[in-house]
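Q: Sharing a structure with you now.
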Amino acid sequence: MNYNFQEIEAKWQAYWAKNQTFQAQNSSDKPKYYVLSMFPYPSGAGLHVGHPLGYIAGDIYARYKRHKGFNVLHPMGYDSFGLPAEQYAIQTGQHPAITTETNINRYREQLDQLGFSFDWSREVRTSDPEYYKWTQWIFIQLFSAWYDNKETKAKPIDALVHLFEKEGNSNVDASCDEDVPSFDSSEWASFSKKEQQEILLKYRLTYLADTEVNWCPALGTVLANDEIVNGVSERGGHPVIRKKMTQWSMRITAYAQRLLDGLDTVDWPQPLKDSQTNWIGRSEGASVTFDVLSGSGTERSRSAEEEMLNVGQEVQHDGHSELDSESSPFQIEVFTTRPDTIFGVSFMTLAPEHELVAKITTPEQQAEVTAYVEATAKRSERDRMADVKTISGVFTGAYAEHPFTKEPVPIWIGDYVLASYGTGAVMAVPCGDQRDFDFAKHYGISIPNIFEGVDISEEAFADKAKTIIGNSDFLNGLSYKEATSKAIAELERIGHGKGKINYRLRDAVFSRQRYWGEPFPVYYVDGMPQMIELEHLPLTLPEVEKYLPTETGEPPLGNATDWAWDTKNHKVVSNKMLNPRLNVGQEVQHDGHSELDSESYEGVYPLELNTMPGWAGSSQYFNRYMDPANTQAIYSEDAIGYWKDVDLYIGGSEHATGHLLYSRFWQKFLFDMGIAPTSEFAKKLINQGMITGTSAFVYKEMDSNKVFSKGLIAGKNVIPIHADVSLVNASDELDVDAFKVWQPDYKDAEFILEDGKYIVGREVEKMSKSKYNVVNPDAICDEYGADSLRLYEMFLGPLEQSKPWNTAGITGVHSFLKKLWKLYMPFFNESSRQGSLSEVEANPTPENLKTLHKTIKKVEEDIENFSFNTSVSTFMICVNELTAQKCAHPAILKELLILVSPYAPHIAEELWQVLGHTESIAEAPFPKFEEQYLVESTKEYPISFNGKLRFKLELPLDMGKDEIEATVMAHEKTQAQLQGRQPKKVIVVPGKIVNIVG
RNA sequence: GCCUUGGUGGCGGAAUUGGUAGACGCGCUGGAUUCAAAAUCCAGUUCUUUCGGGAGUGUGGGUUCGAUUCCCACCCAAGGUACCA
């Protein structure tokens with residue numbers, strides 16, 4: 001009986017589906033374990049061999065935990081909203097729902113083929129209205145909440161309204177927009193409904209705001225920072241510009257500190273934690289306010305000219321004490337991480353976009369400043385970033401007053417200061433910051449030294465640890481730390497600043513001008529957003545004629561004819577029902593509305609035209625799996641109370657600052673609202689590495705029709721052209737005829753061979769359709785089976801490392817499976833297709849037991865450490881040893897099967913049946929390792945001299961230290977005598993090893 | 001630049017409370033079986049050598065009887081991030 005993997009795999013996949021072997025229950029006597037692999041976006045290209053790597057690892061762990069007696073939840077679903085389906089729809093008119101469905105079916109087929117233990121009864125799809133109903137619901141929850149900085153948690157907005165009614169907002173410390181006016185309870189009461197709503201919107205965790213966004217004209221949409229790579233869109237590589245738009249935003253910044261703190265509580269990879277820490281970008285320092293010196297009249301202008309003339313020298317100003325007495329109309333707030341260096345300030349720099357630039361610039365400098373601001377605005381963000389070396393800036397003519405010395409400080413503008421970080425203004429300390437130093441050098445601004453014993457003639461000194469402040473009044477002689485806290489205390493005392501923590505993290509823009517995403521459950525009354533009640537959700541996507549933005553520049557949903565909300569009947573109605581006289585802030589052009597009865601307008605309002613971004617649907621899917629069919633709530637309290645959180649999450653590191661940050665944010669919010677029981681959703685996370693492709697190249701000579709084999713290209717001017725890897729055999733030999741059929745452009749090309757073969761060049765690249773290096777799992781399953789593929793993917797190398805795919809090596813694991821199969825053949829009874837145990841009676845030999853328990857120990861350790869690659873080796877050794885031992889004992893073979901079954905479940909099930917079991921192996925208890933079978937009576941000790949192996953001695957294990965020493969000494973004496981030298985001294989390191997010291 | 005991870009045969013990679021470096025697999029070499037091939041099985045395979053040995057885990061130092069493993073300095077590669085004040 002041969003190992004017929006195709007028959008076996010089909011049989012067991014059908015068995016698992018029919019018996020719902022892997023369906024999880026939401027309660028159990030067993031402890032729970034939740035294994036989750038990141039759900040895929042079902043792209044049209046299907047799976048390649050790189051995709052299943054993480055799924056296989058997760059599946060092995062899930063199956064292992066099942067053997068270990070856990071109630072395992074191991075679900076799978078699809079992140080099925082996304083741009084590719086929409087792009088395809090724009091090109092072909094095919095509805096994205098249809099292409100998505102087709103792709104999902106293809107994915108399912110491919111996944112099923114690999115024998116995963118997914119509980120498909122819990123499948124979710126983010127584009128399913130029954131799923132995105134709850135995405136919309138979470139949006140409403142965020143809209144209905146504000147963040148209380150005092151208690152560092154989110155609270156219902158009703159509580160805030162109550163506070164406003166009682167005492168206004170003076171005692172409220174909330175994460176909110178900066179331009180919130182202060183008011184008391186009577187003022188609040190006097191506001192109109194609309195004014196109240198406008199104020200509340202500034203507090204809500206999701207809010208509408210005019211934000212400067214990354215607008216991609218080619219895609220007609222807004223992109224998140226992480227969707228832009230090197231200044232162009234990640235998808236398509238189109239240019240991106242800055243543009244102001246009214247957008248929904250998520251107040252993730254409220255959670256900045258908690259997102260940072262939470263990282264210490266989870267077992268996630270360090271690089272991933274670091275990249276989130278980096279992304280949040282906490283810096284500790286102080287905000288300092290500088291008064292702008294008023295009187296930018298002639299006197300001030302003259303000073304400015306002097307300043308410009310007396311470059312590099314300290315400028316003495318007369319009469320500025322007079323100016324001090326004048327009250328300053330403007331203040332510049334800066335953020336600095338080095339308040340200790342405040343006496344080193346010799347100028348200030350504002351971002352060109354800073355709002356004060358226009359107000360403080362003196363008439364003399366006006367022309368130059370305006371020209372500079374305009375020139376900067378024209379340059380794209382990309383140009384500005386690419387051009388870091390060029391120093392540019394302009395003096396505004398204005399001065400600020402140093403808060404301590406009261407000296408005037410010239411105010412410059414420069415594009416090295418970013419409007420989007422901090423306050424868009426810096427106090428420049430050229431002696432302590434290289435950029436300030438370079439700027440000062442370039443424009444001849446003075447560089448006062450405020451460090452003790454440091455030479456700053458060549459470059460700035462930024463080493464905090466070695467800093468001793470000098471030349472700084474009350475800070476003299478202090479270290480960085482002491483000076484910082486003292487400077488902050490002084491600033492606070494004189495009312496010119498305070499300690500501050502600044503974050504790089506920005507609020508997340510949540511609107512997308514796309515069709516294929518979740519619609520917002522939002523309609524507008526008098527321009528103010530209103531939420532649709534839960535019982536009327538989901539608000540499903542409307543049909544549209546075309547998927548592009550409208551001619552008036554509205555998002556694709558602007559094309560929908562039925563996209564208005566009837567608040568009386570709680571349903572979507574035709575746009576024609578809209579009252580065109582309503583001032584809704586959105587242009588709605590309709591013909592023929594005059595025919596309509598004005599009553600049709602009553603209570604009908606326009607709906608939001610934007611859709612949610614890709615990360616909306618993926619930010620809570622892991623919790624929805626716990627109770628996916630629930631129509632009353634996102635999940636029941638019982639379900640989430642039982643499963644709580646993900647125990648093991650497996651996925652790619654590319655989601656570090658996107659999905660994984662947003663998901664943590666939503667989880668913390670739901671935790672605050674008492675909807676989720678934990679504030680982190682995944683205890684442990686593993687990033688599987690990427691499987692790269694091995695591209696093949698042919699070499700075409702420039703200006704000729706010749707294509708040279710790899711060995712012949714030296715000294716020739718050739719260009720490498722990708723060849724499809726399926727046309728190349730394991731020895732890098734190209735099937736030239738097949739290549740000509742595949743690329744008809746080359747059908748007349750002359751292929752220059754070496755030794756009668758055309759040898760291709762090889763290079764490791766990312767696996768991609770365009771590089772023709774994609775290896776498809778289907779072909780491999782056909783030829784070697786899913787079990788071979790699963791084993792091989794694990795065998796390739798450590799899970800977390802990226803590694804190149806090379807199909808050639810799969811024969812190794814495949815022949816292991818054949819050997820394993822052979823081991824069980826004595827039990828195979830052809831007539832009954834069942835094993836019979838009667839033929840065996842002998843006990844397992846000590847060798848059998850030793851091999852087995854060695855394997856149990858290693859495999860268990862490996863799985864716990866996610867070192868799946870080494871356990872495949874362990875299996876191979878085990879099978880080789882048992883084969884050599886002619887082991888045919890069912891007790892040994894049974895336990896071995898359970899060890900193998902997480903890795904190669906189909907063959908394990910089949911052989912399990914061969915051994916006479918009628919139930920699935922899935923629930924069989926994991927073998928227990930017993931030390932006694934590994935204990936030996938003697939041990940071989942390496943005896944070394946000066947680190948080099950001299951000889952080995954086999955000694956009884958129970959021998960004491962002195963005895964070993966004596967035995968080795970005796971041996972050494974004999975050796976020394978034989979070699980005619982003096983014997984060396986013997987030292988025994990307790991429990992370890994024997995050494996001989998000269 | 002900064003942060004992180006890593007650097008071991010022809011290749012993928014084993015081995016860390018410091019203890020025989022190169023497990024296991026691929027590839028390669030030789031052999032068995034076969035009319036032959038595939039498949040299977042056995043043996044060999046870090047380099048070098050005058051067959052005694054010598055060298056060897058990115059480079060240079062250090063600690064130690066003994067270092068792939070620990071310490072210091074440097075080089076290289078991959079990933080992340082970047083005028084972040």
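The values are calculated or read from the model by the stated rules, or taken from the named source; none is laboratory data. Just so you know, these numbers come straight off a predicted model, no measurement behind them. In this analysis, Cβ positions are derived from the backbone assuming ideal geometry, glycine residues included, and neighbour counts consider all displayed protein chains. In case anyone asks, the SASA skips ligands and DNA or RNA and just uses the protein heavy atoms, side chains included. Shrake-Rupley method; radii C 1.70, N 1.55, O 1.52, S 1.80 Å.
Q: Using amide H atoms built 1.01 Å from N in the peptide plane, name the residues 5+ places from A:Tyr78, or on other chains, whose amide H lies under 5 Å from its own.
A: A:Val124, A:Arg125, A:Thr126
Q: Can you give me the distance in nm between label points at A:Glu452 and A:Lys466, each placed 7 Å from the Cα along the Cα-to-Cβ direction?
A: Distance between the two pseudo-spin positions: 1.5 nm.
Q: Where both partners of a DSSP beta bridge lie in segment A:688-830, what percent of those bridges are antiparallel, to the nearest 5?
A: Working: 16 of 21 bridges.
Taking every DSSP beta bridge within segment A:688-830, about 75 percent pair in antiparallel fashion.
Q: Kindly write out, for segment A:249-266 in residue order, the coupling ³J(HN,Hα) from the Karplus curve 6.51 cos²θ - 1.76 cosθ + 1.60 (θ = phi - 60°), rounded to whole Hz, with x marking Gly and Pro.
A: Result, ordered by residue: 10, 10, 7, 5, 4, 4, 9, 3, 5, 5, 5, 6, 4, x, 4, 6, 9, 10 Hz.
Q: With θ set to phi - 60°, apply the Karplus curve 6.51 cos²θ - 1.76 cosθ + 1.60 along segment A:34-51 and write out the HN-Hα couplings as whole Hz, x wherever there is a Gly or Pro.
A: Going residue by residue, I get 10, 9, 10, 9, 4, 6, x, 7, x, 7, x, 7, x, 7, 10, 4, x, 4 Hz, with x marking Gly and Pro.
Q: Further question: Packing-wise, with mean Cβ within 10 Å as the measure, how do A:205-214, A:408-417 rank, highest first? Please list the in-between numbers first.
A: Numbers: A:205-214: 19.1, A:408-417: 23.2.
Order by mean packing, descending: A:408-417, A:205-214.
Q: Using a Förster distance of 56 angstrom, determine the FRET efficiency expected from the C-beta separation of A:Ser815 and A:Glu459, and round it to 0.05.
A: Working: r = 63 Å, r/R0 = 1.13.
Approximately 0.35, to the nearest 0.05.
Q: Students often forget the sequence filter, so: which lysines lie under 22 Å Cα-Cα from A:Lys571 once same-chain residues fewer than 8 apart are removed?
A: A:Lys133
Q: What's the FRET efficiency of A:Lys684 with A:Lys886 using the Cβ-Cβ distance as r and R₀ = 56 Å, to the nearest 0.05? Before the final figure, lay out the partial values.
A: Working: r = 42 Å, r/R0 = 0.75.
Step by step, r from the Cβ atoms, then E = 0.85.
Q: May I ask you to compute the full-extension gain from A:Trp742 to A:Asn717, defined as 0.36 nm times their residue separation minus their alpha-carbon distance, rounded to one decimal in nm? Write down the numbers at each step before the final one.
A: Details: separation 25, 0.36 × 25 = 9.00 nm, distance 2.43 nm.
Stretched out fully, the A:Trp742 to A:Asn717 stretch lengthens by 6.6 nm.
Q: In terms of modelled amide H atoms, which long-range or inter-chain residues lie less than 5 Å from the amide H of A:Val525?
A: Under 5 Å from the amide H of A:Val525: A:Gln530.
Q: Next up: From the phi angles alone, apply the Karplus equation (6.51, -1.76, 1.60; θ = phi - 60°) to segment A:543-559 and give each ³J(HN,Hα) in whole Hz, x where the residue is Gly or Pro.
A: 6, 10, 6, 9, 9, 8, x, 6, 5, 7, x, 7, x, x, 5, x, 7
Q: Now for a different question. Mark the label point 7 Å from the Cα of A:Gln94 along Cα→Cβ and return the residues of segment A:751-789 whose backbone N is within less than 18 Å of it.
A: Residues passing the 18 Å test: A:769-770.
Q: Please give, to one decimal in nm, the separation of the simple spin-label points placed at A:Ser28 and A:Asp264, each 7 Å out from Cα toward the Cβ.
A: In this crude label model, A:Ser28 to A:Asp264 measures out at 3.4 nm.
Q: Between A:Glu101 and A:Lys498, with labels modelled 7 Å along Cα→Cβ, what's the label distance in nm to one decimal, could you check?
A: Label at A:Glu101, label at A:Lys498, 5.9 nm between them.
Q: May I pose another question? Under the rule of at least 5 residues apart or a separate chain, name every residue whose amide H is placed under 5 Å from the amide H of A:Gly168.
A: The answer is A:Ser185.
Q: For A:Lys740, list the lysines whose Cα falls under 16 Å from its own Cα; do not include residues on the same chain fewer than 8 positions away.
A: Within the straight-line limit of under 16 Å, A:Lys740 reaches these lysines: A:Lys700, A:Lys706, A:Lys757.
Q: If you stretched the chain out fully between A:His536 and A:Asp782, how much longer would it get, using 0.36 nm times the residue separation minus the C-alpha to C-alpha distance? Don't skip to the answer; put the middle values down first.
A: Numbers: separation 246, 0.36 × 246 = 88.56 nm, distance 4.85 nm.
Stretched fully, the A:His536-A:Asp782 segment lengthens by 83.7 nm.
Q: Measure up A:Lys668/A:Lys771; A:Lys11/A:Lys819; A:Lys155/A:Lys500 against 30 Å on the Cα-Cα distance and list the ones that go over. Working shown, then result.
A: Working: A:Lys668/A:Lys771 42 Å; A:Lys11/A:Lys819 21 Å; A:Lys155/A:Lys500 24 Å.
Violating the 30 Å Cα-Cα cut-off are A:Lys668/A:Lys771.
Q: To the nearest 0.05, how large is the calculated FRET efficiency for A:Asn705 and A:Asn806 if R₀ is 35 Å and r is the Cβ-Cβ distance? Don't jump to the answer; show the numbers that get you there.
A: Values: r = 32 Å, r/R0 = 0.92.
Taking R0 as 35 Å, the efficiency between A:Asn705 and A:Asn806 is 0.65.
Q: Counting Lys +1, Arg +1, Asp -1, Glu -1, what net charge surrounds A:Gln743 among other residues with beta carbon under 13 Å of its beta carbon? Mind dumping the intermediate values first?
A: On the way: positive: A:Lys700, A:Lys740, A:Lys747; negative: A:Asp724, A:Asp735, A:Asp737, A:Asp745, A:Asp748.
Charge balance in the 13 Å sphere: -2.
Q: Largest first and in whole Å, what are the equivalent-ellipsoid semi-axes of segment A:675-727 based on the Cα gyration tensor, each being the root of 5 times an eigenvalue? Before the final figure, lay out each step's value.
A: Numbers: eigenvalues 505, 21, 20 Å².
They are 50, 10, 10 Å, listed from largest to smallest.
Q: Taking segment A:1-150 as the region of interest, what is the percent of Cα-Cα pairs per 10 angstrom bin, listed from the shortest bin to the one with the maximum distance?
A: 10, 30, 31, 20, 7, 1, 0, 0
Q: Please compute the alpha carbon radius of gyration of segment A:362-500, then divide it by the globular-protein estimate 2.2 N^0.38 Å. Two decimals is fine. Kindly include the intermediate steps, with their values, before the conclusion.
A: Numbers: Rg = 16.7 Å, N = 139, 2.2 N^0.38 = 14.3 Å.
For segment A:362-500, the normalised Cα radius of gyration comes out at 1.17.
Q: While we're looking at this one, here's another question. Which peptide among A:752-758, A:870-876 comes first, and what is the full order, when sorted by highest mean count of other Cβ atoms within 10 Å? Working shown, then result.
A: Values: A:752-758: 14.0, A:870-876: 20.1.
Listed from highest to lowest mean packing, they are A:870-876, A:752-758.
Q: I'd like the carbon and sulfur percentage of the solvent accessible area for segment A:621-703, probe radius 1.4 Å, heavy atoms only, ligands and nucleic acids excluded.
A: Working: 1300 of 2530 Å².
Of all accessible area on segment A:621-703, carbon and sulfur atoms account for 51 percent.
Q: Over 19 Å between Cα atoms, which of A:Lys822/A:Lys886; A:Lys273/A:Lys684; A:Lys65/A:Lys928; A:Lys68/A:Lys928; A:Lys153/A:Lys683 qualify? Spell out each step's value before the answer.
A: Working: A:Lys822/A:Lys886 11 Å; A:Lys273/A:Lys684 12 Å; A:Lys65/A:Lys928 14 Å; A:Lys68/A:Lys928 10 Å; A:Lys153/A:Lys683 21 Å.
Exceeds cut-off: A:Lys153/A:Lys683.
Q: May I ask you to compute the full-extension gain from A:Glu847 to A:Ile241, defined as 0.36 nm times their residue separation minus their alpha-carbon distance, rounded to one decimal in nm? Please report the intermediate quantities before stating the final value.
A: Working: separation 606, 0.36 × 606 = 218.16 nm, distance 7.11 nm.
Contour length minus the Cα-Cα distance gives 211.1 nm.
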